[in-house]
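Enquirer: Sending over a structure as structure tokens; questions will come in a sec.
Computed from the coordinates by the stated procedures, all read-outs in this text should not be read as laboratory data. All figures in this text were calculated on a predicted structure; none of them were measured in a lab. Quick reminder, even Gly has a Cβ in these numbers, built from the backbone with ideal geometry, and neighbours come from all protein chains shown.
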Amino acid sequence: MPECEICGKPSDGRIAIVEGAKMQVCPQCEHLGRTVWVPQPERREEPARSRAPMEFEVIEGYGQKVKSTREKRGLSIEELAKKINEKANYLERVEHEKTLPSESLCHRLQKELGIKLMEPVGSGSGPASKSGEGGGVTLGDILEIAEKKKKDD
Ligand SMILES: [Zn+2]
């Protein structure tokens, strides 16, 4: 373990410029200079992109969707609640969009009613493939824009 060059305590390896000199410092001493390097925890080095597809958010109008589908099936809130093993008043609050359904409730409602209540975060207001040719920006477009900017400079 490296030592802090200011106080001698163990350092995690961070480097700061203190009075013009590059020094190994500990977190307690780093404010004495300008920190130029902090060790990164190894586990966080995975690309942010790999996490994104795993995150889902509840779609807009989820309450109305649950309510209308439930009514089409001729089910009361109580009946549906029983089927998915949920409290009726919780389900009612969800239908009125006073509360967001938990991920687990979403899964149960989706399965029971055959509807989609969640979509991947960052997909915008709808599936990207549907509005693809309309206003969607493709990687090609981005490259083209970047190319144009280069020429302008
Ligand atoms: Zn120190």
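Enquirer: How many nm is it between the label spots at F56 and S104, if each spot is 7 Å from the Cα in line with the beta carbon?
Expert: Here the modelled spin labels are 1.5 nm apart.
Enquirer: Would you mind computing, in nm to one decimal, how far apart the modelled labels at V36 and E144 are, each placed 7 Å from Cα along Cα→Cβ?
Expert: Output for this residue pair reads 4.4 nm.
Enquirer: For the pair A21 and Q64, how long in nm is the line joining their label points, each one 7 Å along Cα→Cβ?
Expert: The modelled label-to-label distance comes out at 6.9 nm.
Enquirer: Still on this model: For segment 56-120, restrict the atom set to alpha-carbon positions and state the Rg and Dmax in Å.
Expert: 10.3, 30
Enquirer: K72 to K111: extension gain in nm, 0.36 nm per residue of separation minus the Cα-Cα distance?
Expert: 12.5 nm
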